[in-house]
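Since the structure comes first, as structure tokens, the remarks are kept for the end.
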Amino acid sequence: MTTKASTGLRNHMLATGSLKAALDGGFLELYGCPEVSIPATADAALDPAVHKLLARIYSDGTSAGLTLSPTAADGFIEKLDSQTWTGTVIESGTVRFFRFVGPSDAGGLSITLPRLQGTVARAGADLNITSVDLAVGAPQAVNFFSIALPAF
């Protein structure tokens, strides 16, 4: 249970700007696949035949990108409190992992695109949601989301 940053996100944070600047305006995508098929890195390409996009989370439920809080505290940054992160399930299935991606990310192999990838479960995962079994047409909310950087 470790959130994985893509090479593009790590390089951006080292030389260009903040994690917030890299991810703001992007989307949280929830994927289903066999557990053994979860990508090993956030750089890895997604195979649409294996990695099923179950839901895309927006700040307005339909099209607007997500925004992180303007401030961080104690090594954490959270979703902007004033946004309601929701989406509609587009394919039924069991969520295994998420990717926080930019609006132009098509899921191909990349060492330049900023991405954050993590596990999804009811408890004990990088992203905890009420139910990992999603049904097409149902609303899906993400009420709490935070990203932490370790001390180094």
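State, to one decimal in nm, how far the label point of Thr88 lies from the label point of Glu35, with both points 7 Å from Cα in the Cβ direction.
Taking the two extended label points, one gets 3.3 nm.
Given 0.36 nm per residue, what is the gain on full extension from Ser104 to Phe152 after removing their alpha carbon distance, in nm?
Result for the pair: 14.1 nm of gain on full extension.
So who's got an amide H within less than 5 Å of the one on Asp43, skipping anything under 5 residues away but keeping other chains? H placed 1.01 Å off N, in plane.
Thr7
Amide H neighbours of Trp85 under 5 Å, at least 5 residues apart or on other chains, H built in the peptide plane: list them.
For Trp85, whose amide H was placed from the backbone, the distant partners under 5 Å are Val142.
Which whole-Hz ³J(HN,Hα) couplings does the range 24-41 yield from phi under the Karplus relation 6.51 cos²θ - 1.76 cosθ + 1.60, θ = phi - 60°, glycine and proline marked x?
4, x, x, 9, 9, 10, 9, 10, x, 5, x, 3, 6, 9, 4, x, 6, 9
Hey, rough spin-label estimate for Phe144 and Thr71, points 7 angstrom out along Cα→Cβ, what's it come to in nanometres?
Between Phe144 and Thr71, the label points sit 2.0 nm apart.
Along the range 125-135, what does the Karplus equation 6.51 cos²θ - 1.76 cosθ + 1.60 (θ = phi - 60°) give for ³J(HN,Hα), rounded to whole Hz, x for Gly and Pro?
Rounded to whole hertz, the list is 10, 5, 10, 9, 10, 4, 9, 8, 8, 9, 10.
Among DSSP beta bridges whose residues both lie in the chain, state the antiparallel percentage, nearest 5.
Once the DSSP bridges in the chain are tallied, antiparallel ones form about 95 percent.
No value in this document is a laboratory result; all are computed from the given coordinates. Quick caveat: nothing in here was measured; it's all calculated off a predicted structure. Here Cβ is always computed from backbone atoms with ideal geometry, including for glycine, and neighbour counts include all displayed protein chains.
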